[in-house]
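Q: Have a look at this one before I ask anything.
The values are calculated or read from the model by the stated rules, or taken from the named source; none is laboratory data. Note that the coordinates shown come from a computational prediction; the quantities given were computed from them, not determined experimentally. Cβ placement follows ideal geometry from the backbone for every residue including glycine, while neighbour counts extend to all protein chains displayed. Keep in mind that these areas ignore ligands, DNA and RNA; they rest on the heavy atoms of the full protein, side chains included. Shrake-Rupley method; radii C 1.70, N 1.55, O 1.52, S 1.80 Å.
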Amino acid sequence: MNLSDVKLPRELETDGTAEAIRRVLETRTIKLWPDGDLSIPMITMGEALKKVLRRASMNSQVRWGLEAISHKLKEEEKGISNLREGRGLPTGNRVSRLLLVSNDGAERFYRSIEHLLKAHTPRLFACMLDIDGNGFGSVVTGKDQQIKVIMAEHKVAVADILRAICIKET
């Protein structure tokens, strides 16, 4: 994946933070699974990111669970197709949904993530976090709950999460 080709949310492109975010995302990448085609950024779960994820969750701007996310993306794709074909309206070619995955999934899980990314590019982007599902669930919900994947489905949450990834913590 060439991150210089990825169009981040318009807000990040216009406020000048997109290039800094791209540089951080390019720092460390990892293949989703050994025989996979895609590499995604590996991100450190810092305090700023935890704070933004909690807020996005409390504001119902994220969805978790692979099945729920897959269903939502399929429903959105139907709507996008209707706009393209039925009304002839242009649709965006930039990131509008962000997947964050834990680092302890099974190969089958990561193959499913890769399939989602290929099916919903360019609007879907993913990063792996350096945290396991138990820690991730605790961050997102504030409870003892395992979560392996979330999708930020609101443009404000996507932009805030990407900004938080870039915050250097001491």
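For (1) surrounded by fewer than 22 Cβ atoms within 10 Å (Cβ to Cβ); (2) touching a residue at least 24 places away in the same chain (Cβ under 8 Å), each residue gets a yes or a no:
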site: Glu114; (1), (2): yes, yes
site: Phe136; (1), (2): no, yes
site: Gln145; (1), (2): yes, no
site: Val158; (1), (2): no, yes
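Q: Look through segment 155-170, keep the residues that are modelled with pLDDT of 95 or more and either outside any helix (DSSP H, G or I) or touching a strand residue (DSSP E or B) at 6+ places or on another chain (Cβ under 8 Å) (or both), and return whichever of them is farthest from Ala20 (Cα to Cα).
A: Among those that are modelled with pLDDT of 95 or more and either outside any helix (DSSP H, G or I) or touching a strand residue (DSSP E or B) at 6+ places or on another chain (Cβ under 8 Å) (or both), it is Ala157.
Q: Moving on to the next point. Only one of (1) open to solvent by 30 Å² or more (accessible area, probe 1.4 Å); (2) touching a helix residue (DSSP H, G or I) at 6+ places or on another chain (Cβ under 7 Å); (3) under 18 Å from His154 (Cβ atoms); (4) not in a helix (DSSP H, G or I) fails for Leu8. Which number is that?
A: Among (1) open to solvent by 30 Å² or more (accessible area, probe 1.4 Å); (2) touching a helix residue (DSSP H, G or I) at 6+ places or on another chain (Cβ under 7 Å); (3) under 18 Å from His154 (Cβ atoms); (4) not in a helix (DSSP H, G or I), the lone unmet condition for Leu8 is (1).
Q: Starting from segment 1-19, keep only residues that are within 23 Å of Lys118 (Cα to Cα), then list their pairs with residues that are assigned to a helix (DSSP H, G or I) and open to solvent by 80 Å² or more (accessible area, probe 1.4 Å) whose Cβ atoms are within a distance under 7 Å, requiring at least 6 positions of separation or different chains.
A: Cβ pairs passing all conditions: Leu3/Glu26; Pro9/Lys155.
Q: Can you pull out the residues in segment 98-140 that are at pLDDT 95 or above and in a loop (DSSP other than H, G, I, E, B)?
A: Scanning segment 98-140 gives Ser102, Asn103, Asp104, Gly105, Ala106, Asp130, Ile131, Asp132.
Q: Output the residues belonging to segment 21-48 that are in a helix (DSSP H, G or I) and either farther than 24 Å from Thr121 by Cα or open to solvent by 40 Å² or more (accessible area, probe 1.4 Å) (or both).
A: Our first condition is that a residue be in a helix (DSSP H, G or I); within segment 21-48, this holds for 21-27, 47-48.
Matches in segment 21-48: Arg23, Glu26, Thr27, Glu47, Ala48.
Q: What number goes with the only condition from (1) within 16 Å of the chain's Cα centre (by Cα); (2) more than 17 Å from Tyr110 (Cα to Cα); (3) free of Cβ contacts under 8 Å to residues at least 24 places away in the same chain; (4) assigned to a helix (DSSP H, G or I) that Ser60 does not pass?
A: (4)
Q: Could you grab me the full set of residues in segment 95-150 that are out of contact with any Leu (no Cβ under 6 Å at 6 or more places or on another chain) and either at positive phi or of a type in the set (Lys, Arg) (or both)?
A: Arg108, Arg111, Lys118, Arg123, Gly142, Lys143, Lys148
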